[in-house]
Amino acid sequence: MAFMQRAVMVAVLISIITPMIGNVIVLKRLSTIGDALSHAGLAGVAIGLCFGADPVISAVIMSIAAALIIEFIRRKFEGYAEMATAVTLSFAVGMTAVFSGFVKDAASFNSFLFGSIVAISQTELYVTVILCLVVLAAGILLYRALFFITFDEQGAKAAGIPVGAVNTVFTLMTAVVVAVASRTVGALLISSLMIIPVACSMIVSKSYLGNLIMSVVFALIFTITGLIITALYDVRPGGTIVLTGIAVLIALLPFKKR
Amino acid sequence: MSVLTVDKLNFSYPDKKILNDLSFAVDEGDFLCVVGTNGTGKSTLLKLILGFLAPDSGSIQIEGVPNDKFKNHGDIAYVSQKATAFNRDFPATAEEIVGLGLSGRLSLFKKLNAANKAQVAEALERVGMSGYAKKLIGRLSGGQQQRVFIARALVSQPRILFLDEPTVGIDAEAVDSICCLLGELNKNGLTIVMVTHDISSTIYHADKVLKISENGCGTLVSAHDYIADFRFAHDRGSEHGNI
Ligand SMILES: Nc1ncnc2c1ncn2[C@@H]1O[C@H](COP(=O)(O)OP(=O)(O)OP(=O)(O)O)[C@@H](O)[C@H]1O
Ligand SMILES: [Mg+2]
């Protein structure tokens with residue numbers, strides 16, 4: 001497959017699943033979790049490059065570890081979940097700062113910072129496709145459970161939903177998506193791809209399901225517009241996609257009712 | 001038959017003993033009001049029954065099953081004291097929220113079918129909120145939101161309904177209509193356990209009253225005796241007033 005086709009396909013798949021995750025984390029008031037996990041992923045990349053391990057694998061491991069730490073701290077401070085992500089983010093940035101100092105191959109590290117959507121290998125395409133299908137299936141199957149938990153965790157418990165298990169599955173899913181998507185859209189941008197489409201969607205949507213669908217639509221619009229601009233003007237794709245999203249959000253903000 | 005049995009229940013938070021050897025039973029079809037001053041542990045009692053908290057000692061049985069092994073989640077429903085404390089911008093409609101209440105009757109992955117949607121519409125109808133089905137929950141008034149939460153509890157057609165101060169912040173007329181609704185549901189066989197400070201509007205629908213005192217002990221009296229006591233205290237009070 002030609003590289004541009006691969007790039008478009010991966011970008012489209014990622015923009016379908018990131019807002020699905022984003023919806024839950026925004027509504028749970030954990031918006032910064034993407035940043036914490038992607039920086040933990042970066043720390044993993046730095047560690048991997050230092051010790052000669054596969055950076056993608058060490059990124060996934062670090063991202064999962066960070067996700068579990070966040071879930072652990074979050075349970076200790078109910079209602080102040082953002083503290084858990086802030087603590088983990090600082091930890092990850094610290095680790096990245098220390099280990100990236102030992103990385104010889106700066107170009108390879110940079111490709112994780114801003115992504116390399118147009119340089120995706122066949123294997124990475126397969127991994128992304130499988131991952132997207134898994135997240136899509138989980139998102140559809142766990143729709144009601146995740147909706148209930150984000151709205152009212154105690155009510156969900158009373159109704160017999162296995163809240164702990166669903167939360168853990170969701171956290172792992174988030175970590176894997178963040179780590180893998182960092183490779184393509186970049187660690188610094190993945191969080192915005194989770195949050196901005198949801199922010200736009202919350203301005204226009206009139207139901208939970210509508211919010212979910214509209215956030216995916218927005219993400220697709222940003223990604224495709226971003227890729228077209230990239231092709232026309234030879235700019236970096238990741239940043240262009242995010243800036244397109246920000247432009248749309250700014251345009252929509254006046255319509256937000258208080 | 002007793003559908004809820006609480007036996008020698010003890011519970012403390014790290015710094016404070018809350019419930020002290022509390023025992024009582026609720027029979028099928030009972031309407032029990034739980035009363036007591038602020039901070040005596042009424043909400044805590046409901047949280048223990050529902051399994052959110054674990055007791056220090058004692059047992060709780062729902063439909064004859066220890067509450068930590070209880071699996072018929074659709075048989076019980078709960079309206080919490082903080083039901084309306086969600087984020088105002090949460091994007092969900094009243095009918096979507098009510099639909100969540102069917103979770104206790106559905107397996108984890110199951111979607112709502114047409115029959116379920118009819119149940120949702122019926123539950124909204126029952127609390128007089130049919131016209132608001134498609135409205136965002138955050139755009140409703142506090143009292144309207146509370147009705148939606150009651151609908152969410154009723155939609156699974158539970159056998160026992162737990163409510164924690166469901167009439168707080170609701171206008172007098174709506175309080176009456178909710179209490180009448182609860183009374184009517186109770187006549188049709190629903191067992192109700194309700195924490196309330198607004199005993200005067202509920203007592204005529206209730207069968208029993210559980211009074212929890214400052215030391216965490218409880219006394220169970222019939223609603224009839226409770227009213228008689230109340231009248232007695234009131235009459236004595238007014239005698240003094242007359243002197
Ligand atoms: N998480 C907690 N940790 C420590 N103490 C708590 C906790 N939650 C409640 N308490 C204490 O336990 C006592 C009982 O609380 P509870 O909420 O059960 O009271 P209540 O009877 O429902 O009061 P109200 O009428 O105000 O709703 C209170 O004194 C409260 O300070
Ligand atoms: Mg209370």
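Scan segment B:133-154 for residues that are surrounded by 21 or more Cβ atoms within 10 Å (Cβ to Cβ) and without any contact (Cβ under 8 Å) to a residue 40 or more places away in the chain and the total you get is 1. Restricted to segment A:111-166, and to residues that are under 20 Å from A:Met9 (Cα atoms) and part of a loop (DSSP other than H, G, I, E, B), which residue is nearest to the other protein chains (Cβ to nearest Cβ)? Applying the filter and picking the extreme gives A:Gly115. If I filter segment B:27-84 down to residues being under 12 Å from the mean Cα position of the chain (by Cα) and among the polar types (S, T, N, Q), which single residue comes out as farthest from ligand 1 (Cβ to nearest atom)? So, considering only residues that are under 12 Å from the mean Cα position of the chain (by Cα) and among the polar types (S, T, N, Q), the one farthest from ligand 1 (Cβ to nearest atom) is B:Ser80.
Candidates A:Val178, A:Val204, A:Val185: the one that is over 30 Å from B:Tyr78 (Cβ atoms), within 14 Å of chain B (Cβ to nearest Cβ) and of a type in the set (Val, Ile, Thr) is A:Val204. Taking every residue in segment B:100-125 that is in contact (Cβ under 8 Å) with a residue 24 or more places away in the chain and pairing it with any residue that is loosely packed, with under 13 Cβ neighbours inside 10 Å and part of a helix (DSSP H, G or I), at least 6 positions away or on another chain, yields no pair with a Cβ-Cβ distance below 8 Å.
Residue check: is B:Ala92 modelled with pLDDT of 90 or more, under 18 Å from B:Leu154 (Cα atoms) and more than 16 Å from ligand 2 (Cβ to nearest atom)? It is false that B:Ala92 is modelled with pLDDT of 90 or more, under 18 Å from B:Leu154 (Cα atoms) and more than 16 Å from ligand 2 (Cβ to nearest atom). Answer yes or no: is there a residue in segment B:79-86 that is touching a Pro at 6+ places or on another chain (Cβ under 8 Å) and not in a loop (DSSP other than H, G, I, E, B). Scanning segment B:79-86, I find at least one residue that is touching a Pro at 6+ places or on another chain (Cβ under 8 Å) and not in a loop (DSSP other than H, G, I, E, B), so the answer is yes. Within segment B:95-139, the set of residues being of a type in the set (Gly, Ala, Ser) and in a loop (DSSP other than H, G, I, E, B) comprises B:Ser107, B:Gly128, B:Ala133.
Selection of segment B:194-207 for residues being under 17 Å from B:Gln146 (Cα atoms) and buried (at least 19 other Cβ atoms within 10 Å of the Cβ) yields B:Met194, B:Val195, B:Thr196, B:Thr202. One residue stands out among those in segment B:1-26 that are near ligand 1 (Cβ under 8 Å from one of its atoms) and loosely packed, with under 15 Cβ neighbours inside 10 Å: the one that is farthest from B:Pro158 (Cα to Cα), which is B:Asp15.
Among the residues of segment B:5-62, the one identified as hydrophobic (A, V, I, L, M, F, W, C), in contact with a Gly (Cβ under 9 Å, 6 or more places away or on another chain), closer than 22 Å to B:Cys179 by Cα and more than 16 Å from ligand 2 (Cβ to nearest atom) is B:Phe31.
Would you pick out the residues in segment B:61-74 that are facing chain A (nearest Cβ under 10 Å) and in contact with a Lys or Arg (Cβ under 9 Å, 6 or more places away or on another chain)? Residues satisfying the conditions are B:Asn72, B:His73, B:Gly74.
Considering (1) at pLDDT 90 or above; (2) more than 9 Å from chain A (Cβ to nearest Cβ); (3) within 27 Å of A:Cys200 (Cα to Cα); (4) surrounded by fewer than 14 Cβ atoms within 10 Å (Cβ to Cβ), the lone condition that B:Asn113 does not fulfil carries the number (3). Inspect segment B:5-24 for any residue being away from every other protein chain (no Cβ under 14 Å), within 30 Å of B:Ser103 (Cα to Cα) and hydroxyl-bearing (Ser, Thr, Tyr) and give the result as yes or no. Looking for residues that are away from every other protein chain (no Cβ under 14 Å), within 30 Å of B:Ser103 (Cα to Cα) and hydroxyl-bearing (Ser, Thr, Tyr), one finds at least one in segment B:5-24, hence yes.
Specify which of the listed residues (B:Ser80, B:Ser103) is farther than 21 Å from B:Gly41 by Cα, at the interface with another protein chain (Cβ under 7 Å from one of its Cβ atoms) and touching a Gly at 6+ places or on another chain (Cβ under 8 Å). Selected residue: B:Ser103, the only one of B:Ser80, B:Ser103 that is farther than 21 Å from B:Gly41 by Cα, at the interface with another protein chain (Cβ under 7 Å from one of its Cβ atoms) and touching a Gly at 6+ places or on another chain (Cβ under 8 Å). Of A:Ser63, A:Ser31, A:Ser38, A:Ser58, all but one fail to be surrounded by fewer than 24 Cβ atoms within 10 Å (Cβ to Cβ), touching a residue at least 40 places away in the same chain (Cβ under 8 Å), among the small types (Gly, Ala, Ser) and in contact with a helix residue (DSSP H, G or I) (Cβ under 9 Å, 6 or more places away or on another chain); the exception is A:Ser31.
Of the residues in segment A:96-103, at least one is over 27 Å from A:Leu227 (Cβ atoms), among the small types (Gly, Ala, Ser) and touching a residue at least 24 places away in the same chain (Cβ under 8 Å).
With respect to (1) within 30 Å of B:Ser156 (Cβ to Cβ); (2) buried (at least 21 other Cβ atoms within 10 Å of the Cβ); (3) under 18 Å from the mean Cα position of the chain (by Cα), the lone exception for A:Ala137 is condition (2).
The values are calculated or read from the model by the stated rules, or taken from the named source; none is laboratory data. Note that this is a predicted model, so its numbers are computed, not measured. Neighbour counts run over all protein chains shown; Cβ positions are idealised from the backbone, glycine included.
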